[in-house]
Amino acid sequence: MKRTLVAAAVAALTVGSVAHAETLRWARAGDSLTLDPHAQNEGPTHTLAHQMYEGLLQRDMSGEIIPALATDWAVTDDPTVWRFNLREGVTFHGGQELTADDVVFSFQRAKMPTSAMKELLASVAEIRKVDDLTVEIVTEGPNPLLPANLTNLFVMDEGWTLENDSAEPQDIANGGDNYVAKNTNGTGAFVLESRVVDERTVLTANPDYWGKDDFPMEITELVYTPIQSAATRVAALLSGEVDFIQDVPVQDLDRVAQADGLMVATAAQNRVIFFGMNQGADDLENDNIDGENPFAKLEVRQAMNMAIDREAIKRVVMRDQSDPTGVIMPPFVNGWTEALDATPEGDAAMAKEMIAAAGYPDGFTIQLDCPNDRYINDEAICQAVVGMLGRAGITVNLDAKPKAQHFPLIQNRTTDFYMLGWGVPTFDSEYVFNFLVHSSSDERGTWNGTGYSNTDVDEKIVSLASETDADVRNGTINEIWEQVQSDVLYLPVHNQVLNWGMSDGIDFPVQPEDQPHFKFLSYSK
Amino acid sequence: MIAYIIRRVLQGVLVLAVVGFVAFAMFRFMGNPIENMLGQEATRLDRAALAERLGLNDPVPIQYLKFIGNAAQGEFGVSYRNGLPVSEMIVQRLPATLELAFVSAVIAVVFGIVLGVFVAIRRNGIVANIVMSATLVGVSLPTFLIGVLLIWIFAVELGWLPSFGRGETGTLFGWQSSLVTVSGLKSLVLPAITLGLYQMTLVMRLVRSEMLEVLRTDYIRFARARGLPDKTVHFKHALKNTLVPVITIIGLQVGQIAAFAIVTETVFQWPGVGLLFINSIQFVDIPVMAAYLLLVGVLFVSINLVVDLLYAVVDPRLRLQ
Amino acid sequence: MSSVQPTLKPSISSRLRGVWESDIAWSFRHSPVAMIAAFVFLALILAALFAPWIAPYTPFDPASLNLMDGFTPPMGEGMGSGSVYWLGTDDQGRDVFSTILYGMRLSLFIGLSAVAFAAVLGVTLGLIAGYVGGWVDALIMRVADIQLTFPSIMVALLIFGIARGLIPAEYRDQMAVWVLILSIGLSEWVQFARTVRGSAMVESKKDYVQAARLIGRKPRQILFRHLLPNVMGPVSVIATIYLALAIITEATLSFLGVGAPPTRPSLGTLISIGQDYLFSGEWWILLFPSMTLLALALSVNLLGDWLRDALNPKLQ
Amino acid sequence: MSIPNASSASATGVQPVSRPSSSHDEPLLAVEDLVVEIPTRRGLLRPVDGVSFELNAGEILGVVGESGAGKSITGAAIIGLLERPARIASGSVRLAGKRIDNLTGDDLRRVRGGEIGTVFQDPSTSLNPLQRIGDQLAETARQHLDISRAESRDRALLALQEVGIPAAAERLDAYPHEFSGGMRQRVVIALALIGEPVLVIADEPTTALDVSVQAQVLTLLKRLCLERGTGVMMITHDMGVIAETTDRVAVMYAGRVAEIGPTPSVLVNAAHPYTRGLMASTPNPASDVAEGLVQIPGAMPGLLSIPAGCAFHPRCDRAVPDCKQKRPPRETINDSDVWCWVASQPQQARHD
């Protein structure tokens, strides 16, 4: 009762003091790993970096690409050359003027061997300065998707970086503790005030920000605290110790939404959850069928696809916070169609019959490898699927473990049946095909743990990279999807839904990549 | 005495070496740091190159020897997770853990001894029996549950105390301390109780049973027969004689406090080395895990030594050995 | 520590045992706390033992679960099947009551086995150390010191980590239980060894042991026929208290993610699942398993307390 | 083992005001019909059952009996050190005419150590192992004598010198484990006497000691008490100690006094059949020959099975029917008080 009053008072205060001197206390599960903008390619690290650094382009709160340091961009007459015009009058926090040299320097830095961002620039052959406010990026072959790869590539000040001996990105494998891992000098909306790693990072609004009239910019101080335990994170929000949290456990959404002074914002996430089956092997490691691989039979895979009751998972495990799907890409992705997304009707009895018909009247036993600290309710989803497959006659032994032990299994092709989640930062099907559909090789198919290998499909995938005709390209994408779907390459489960919990009165839509850009935040009431 | 200390220190070093080796043998089963260090776009070649550069392909004994060699020079490498020097991270985190452990140890010892003496003297009293049973509840529920329940009651429902973190810190004797600010002290309450409750119960029960033993000894009867007041008999004569086993247990429990600090720090987001350790396990941050285990080992060895030396202070009979 | 040991001589032990046991019985009859604790403990043991007959559902069989019944409140009807669940269901649609019974069975099995393992190991090493003395004693006790400085949770984490790497994946589900037993047991043997060693050192100096030695009894016979019965009192006290500790430790390990597998949850696993639902209103998932664990641990602890006092002739 | 005269004089010279004045007709200690009960689940035990005796100032009274006869419990009851659930059920204990069996709190503490000193059997367990003996002495002295901390230290030194601890000044700072058994018991005696009591209850003071030092300690205790006029209740099962030390002796059997009288007459001319049996089973200290030792048949009954009437009757070769039914009355034979139906009658063969 008392707390409610306090919360109400706090809310009233919030309403009263309009847009000035607003402190936002923000918590999520993990901390940024480094302040060096090119040293890690990882969500929370990018999120923090986005507050202080900017790239040529960025995605807004709805996922659309908008101008940032570049005001406009286009392919030149040469389809392998992109030209970017830089914004005038932009200064770094340290006062330095932004020039094309800084951009060239930053891109070259991001392509260095110790950079974590270099894969995103793999197709970039050269970056060059045209004049002080113009740069050109040359790609190896036409790359219609280049802009999508540039939204997380941050621009640093060349002089400042070199002065502080940080020409190369922080190299963890080589005792790499550098200046820019602890200090920042970006062009972004917020300036680093203080930071204690894993504990507390304080940012203040950048008074000289170029976009201070273009964005709400209502927060004056941003305090970021990682809180690892989900229960404690929710408790901190409920008790009013923080104003904004990411990663709200789905079961606590109602409680947060109903609490006085708090609300939940929801949006579909750019991440699909699915199961992979090792259908390429002659025999499986951990099954009870000798000499043959039940996953190699299409009927078995179809039956399993049918056995999974996605609606039940959504209703119970995900508390309606998921979007069941029949394809392994989120709806934002180029190539997505409603027909592909349609889920098969869950029918355990039918599935059982099909498995019997495929030669396993008594079913069979397999092992499911599942992470327990990576996706929303990952272990619970696996458990539910174990039960569903059990009713279809497949006995599943569940082995749930931390992601650090789970992912190497997929990388090393030592799992028969596994869970994986996938986000598509380029918002295009090619990215999915490259990693998940193409035959596993050094370059492509690195996350394809299914042993699936189809030369025809592989060729089509490779052709996508250099196809400049959008219609032709989309046609090929559709063909590949048709093949993938009819082969039941994966068992899609759902697209994750993002939930942010926050104080009432904050107007802040959920960003599909889970990247809050706080310059967009405004206090609505 | 000095020879004794040197011998104990050497034994301690041996113990540390063994522990370190076991730990290193275990690290390879904890997962692969590469997946966490590279983004999902990394190619197989990138992964192989990084593994090679980190020395992860070396046999365990080689990795171990490298670590020991560097550690001997005070060099613990950088964290795989965030690239910061491990020694710097530990130095930064240690005050929080030491402070939490210290406060909960004080709670455990002070309340444990006072309540222990009380329940021993009033052995059949109603209040003593209630105290005995009530404190048992504390050891009959797992620590993490007690922590979460405390958060629920005192942070969420009542809103009296913070649910996470250390609050404001001030500088005390050159380190960042929560003991000097109001919000820091408030932040300490719940984690310290969570961590200290179990130890308190243990100390209390031990003091009780030792007191009951001692109160039956001839020298206590003789002290009474000489007309010494109860207060002198209980606290000066009896309590001091219970201290040797109590010191032993407290010394050993410091290790338990360090271990349970992992759980408590996770629940309360207490920015200490325990939380750091859990983070490193999840990330397979081998340099941090190795340094942490070494630190804990050093802590245990020194505590054991201190305990042995304390015996001699408390009990003159042990000084001769 | 060593003084809890009853002062019995084997020569008259047979005569006294009857009396002694009836002493225990008397003390038991006159301790309401002990009687209630014993009743609760016995009831829980029986419930766990006969879980397959008592439990209305089979929570360890994933195929029998109806996911749509998940989060049914106590006495509520499942949305999927319409079945009524006395204590509600958890996130997987498992009947909480049945799961508690099966989970308790697992927790008790782990706890009892771990303590038995620790007791056998500790008593054997303690007897040998105390009886043989010399460098054997020094070695065993030094190992014990090292072991003792390492908190049980750490030991368990280490063993679990190693076992995880060594055991083939297909056996992991079953092995988890044995690894838990091994790791909890290994972290608890020291107290047994220390106590037994102390008693064995005292006893082995006594006339009857010297006599047995003189008439040519083998050390093993002396150890097990003569010394062992004398240390059973304190050993049983330690065992009770450690049983409670083992069950709690298992729960904590589950919280740290190295406990029983989620498809066969122990009481501890259930609690760490349940604590996710503390704020969300599904209180029954946390409350009932916690109460059961509390009842179990509390009754064992209270019995241990009573036994300690009852076995200590000086305190009667 | 010589004791400076001056010091002993000064020690005995100080007489606290609270010291009970002992008039000639009032005995120093008068125990009247003392009954100690222990309620147990098998019934009420009476380890002390109607014990009466008197002890005069400066007198050494021996209390002798087999173990379990109730000697020590009688001693503990007098200084209020019975351990629960044992309790004084009836009877009285008077010290110089003042009842002390119902004292509590500070009054009880004043009696303990201040008026009645105690010496326990085993010096190795009687002293707090963690406290310097000087501190133990000084602490006790301060408790009973109105003196300062510095004075108490002098007192402690004096006390140690009196009991013949060599280099006493240095040994004040020693811990108990640094003393031999005999020396420790001397310290215990010093502790018992430092509060200047009028009575010392010595419970088997030499039993745990080496035979070689038993006599020395005994002599010391006797001499110190004689010098100060302190009465001594000497509890022992050793007839030799009785013979050498005591003025009078009380013989206890199964929680009751069988016979009490001047030591020589009890030793030589015991009236009670049990005392006779006891004497007959003890080697005569005067002769080295162990010949003619006779065991009393049977054993002393346990507290649960004390027979009606005279507790000794099942083992008594002179028992008459009265012995089996009625508790014997007190009777004065020679100089002794005897509780027996047949003691006054001429000895004859057992009939029935």
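The values are calculated or read from the model by the stated rules, or taken from the named source; none is laboratory data. Predicted model, so just to flag it, every value in this text is computed and none were measured. No Cβ is skipped: glycine too gets one built from the backbone with ideal geometry, and neighbour counts run over all protein chains shown.
Just need a number here: residues in the range D:50-83 that are more than 14 Å from every other protein chain (Cβ to nearest Cβ) and free of Cβ contacts under 8 Å to residues at least 24 places away in the same chain.
Step one: list which residues in the range D:50-83 are more than 14 Å from every other protein chain (Cβ to nearest Cβ), which gives D:50-71, D:74.
Next, only the ones that are free of Cβ contacts under 8 Å to residues at least 24 places away in the same chain stay: none.
Result for the range D:50-83: 0.
Note on the range B:300-312: residues that are farther than 25 Å from D:TYR175 by Cβ and either surrounded by fewer than 18 Cβ atoms within 10 Å (Cβ to Cβ) or away from chain C (no Cβ under 14 Å) (or both) total 1.
The residue list D:LEU199, D:LEU221, D:LEU226 contains one member that is of a type outside the set (S, T, N, Q) and at pLDDT 90 or above, which is D:LEU199.
Residues in the range D:125-147 that are within 9 Å of chain B (Cβ to nearest Cβ) and under 24 Å from the mean Cα position of the chain (by Cα) were compared, and the one that is surrounded by the fewest Cβ atoms within 10 Å (Cβ to Cβ) is D:THR125.
Name the residue, out of A:ASP132, A:ASP165, A:ASP171, that is loosely packed, with under 15 Cβ neighbours inside 10 Å and touching a residue at least 24 places away in the same chain (Cβ under 8 Å).
Working: A:ASP165 fails: touching a residue at least 24 places away in the same chain (Cβ under 8 Å); A:ASP171 fails: loosely packed, with under 15 Cβ neighbours inside 10 Å.
That would be A:ASP132, the only listed residue that is loosely packed, with under 15 Cβ neighbours inside 10 Å and touching a residue at least 24 places away in the same chain (Cβ under 8 Å).
Counting only residues that are under 30 Å from C:PRO265 (Cα atoms), under 18 Å from the mean Cα position of the chain (by Cα) and assigned by TED's automatic domain parsing to the domain that holds A:VAL488, give me the strands (runs of 3 or more DSSP E) lying completely in the range A:358-465 with at least 2 of them.
Details: elements: A:364-371, A:394-401, A:417-422.
Because the criterion is at least 2 residues that are under 30 Å from C:PRO265 (Cα atoms), under 18 Å from the mean Cα position of the chain (by Cα) and assigned by TED's automatic domain parsing to the domain that holds A:VAL488, the strands (runs of 3 or more DSSP E) in the range A:358-465 that meet it are A:417-422.
This table checks each residue for (1) within 24 Å of C:VAL196 (Cα to Cα); (2) away from every other protein chain (no Cβ under 12 Å).
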{"site": "C:GLN210", "(1), (2)": "yes, yes"}
{"site": "C:ILE222", "(1), (2)": "yes, yes"}
{"site": "C:VAL237", "(1), (2)": "yes, no"}
{"site": "C:GLY274", "(1), (2)": "no, no"}
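Is it the case that C:ILE285 is in contact with an Asp or Glu (Cβ under 9 Å, 6 or more places away or on another chain), on the phi < 0 side of the Ramachandran plot and in contact (Cβ under 8 Å) with a residue 24 or more places away in the chain? In short, yes. Determine whether the range D:158-176 contains at least one residue that is surrounded by fewer than 18 Cβ atoms within 10 Å (Cβ to Cβ), more than 22 Å from B:PHE235 (Cα to Cα), of a type in the set (D, E, K, R) and more than 9 Å from every other protein chain (Cβ to nearest Cβ). For the range D:158-176, residues surrounded by fewer than 18 Cβ atoms within 10 Å (Cβ to Cβ), more than 22 Å from B:PHE235 (Cα to Cα), of a type in the set (D, E, K, R) and more than 9 Å from every other protein chain (Cβ to nearest Cβ): present.
Being of a type in the set (D, E, K, R) and either closer than 23 Å to D:ASP335 by Cβ or under 19 Å from the mean Cα position of the chain (by Cα) (or both) holds for only one residue in D:ASP203, D:ASP173, and it is D:ASP203. Here the range A:167-195 is the region considered, the condition is being within 12 Å of chain B (Cβ to nearest Cβ) and part of a loop (DSSP other than H, G, I, E, B), and the residue that is farthest from A:ASP36 (Cα to Cα) is A:GLY175.
Is it fair to say A:GLN58 is within 22 Å of the chain's Cα centre (by Cα), within 29 Å of A:LEU237 (Cβ to Cβ), in the same structural domain as A:TRP210 (by TED's automatic domain parsing) and part of a strand (DSSP E or B)? Full working, then the answer.
Working: within 22 Å of the chain's Cα centre (by Cα): yes; within 29 Å of A:LEU237 (Cβ to Cβ): yes; in the same structural domain as A:TRP210 (by TED's automatic domain parsing): yes; part of a strand (DSSP E or B): yes.
So A:GLN58 fits the description; yes.
Checked against the criteria, D:ALA86 does not count as closer than 18 Å to D:ALA192 by Cβ and either modelled with pLDDT under 85 or within 14 Å of chain B (Cβ to nearest Cβ) (or both).
Taking helices (runs of 4 or more DSSP H) as the structural unit, those lying wholly within the range C:214-316 and holding at least 3 residues that are more than 22 Å from the chain's Cα centre (by Cα) correspond to C:283-311.
If you go through the range D:47-81 and keep only what is touching a helix residue (DSSP H, G or I) at 6+ places or on another chain (Cβ under 8 Å), buried (at least 19 other Cβ atoms within 10 Å of the Cβ) and under 17 Å from D:LEU303 (Cα atoms), you end up with D:PRO47, D:VAL48, D:VAL51, D:GLY65. Of the helices (runs of 4 or more DSSP H) contained entirely in the range B:215-284, those carrying at least 1 residues that are facing chain C (nearest Cβ under 9 Å) and of a type in the set (A, V, I, L, M) fall at B:239-268, B:273-283. Screening A:GLU292 against (1) closer than 18 Å to A:LEU498 by Cα; (2) free of Cβ contacts under 8 Å to residues at least 24 places away in the same chain; (3) in a loop (DSSP other than H, G, I, E, B) leaves a single unmet condition, (1).
For (1) surrounded by 20 or more Cβ atoms within 10 Å (Cβ to Cβ); (2) free of Cβ contacts under 8 Å to residues at least 24 places away in the same chain, each residue gets a yes or a no:
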position	(1), (2)
B:GLY74	no, yes
B:TYR80	yes, no
B:LEU84	yes, yes
B:VAL91	no, yes
B:ALA96	yes, no
B:VAL103	yes, no
B:ALA108	yes, no
B:ILE113	yes, no
B:VAL139	yes, no
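Within the range A:379-406, which residues are of a type outside the set (Lys, Arg), more than 11 Å from chain C (Cβ to nearest Cβ) and surrounded by fewer than 24 Cβ atoms within 10 Å (Cβ to Cβ)? Listed by number, the list holds a single entry, A:ALA404.
From B:LEU54, B:LEU14, B:LEU10, grab the single residue that is away from chain C (no Cβ under 12 Å) and either within 29 Å of B:LEU309 (Cβ to Cβ) or within 28 Å of the chain's Cα centre (by Cα) (or both).
B:LEU10 is the lone residue from the list that is away from chain C (no Cβ under 12 Å) and either within 29 Å of B:LEU309 (Cβ to Cβ) or within 28 Å of the chain's Cα centre (by Cα) (or both).
Take the residues in the range A:174-196 that are among the aliphatic types (A, V, I, L, M) and more than 17 Å from A:PHE107 (Cβ to Cβ); name whichever of them is surrounded by the fewest Cβ atoms within 10 Å (Cβ to Cβ).
That would be A:VAL196.
The residue pairs whose first member lies in the range A:51-72 and is over 10 Å from A:GLY188 (Cα atoms), whose second member is of a type in the set (Phe, Trp, Tyr) and assigned to a loop (DSSP other than H, G, I, E, B), and whose beta carbons are closer than 7 Å, counting only pairs six or more residues apart or on different chains, are A:GLY63/A:PHE332.
Cβ-Cβ distances below 9 Å connect the following pairs, each with a first residue in the range D:29-41 that is within 14 Å of chain C (Cβ to nearest Cβ), a second residue that is hydroxyl-bearing (Ser, Thr, Tyr), and a separation of six or more residues or different chains: D:ARG41/C:SER27.
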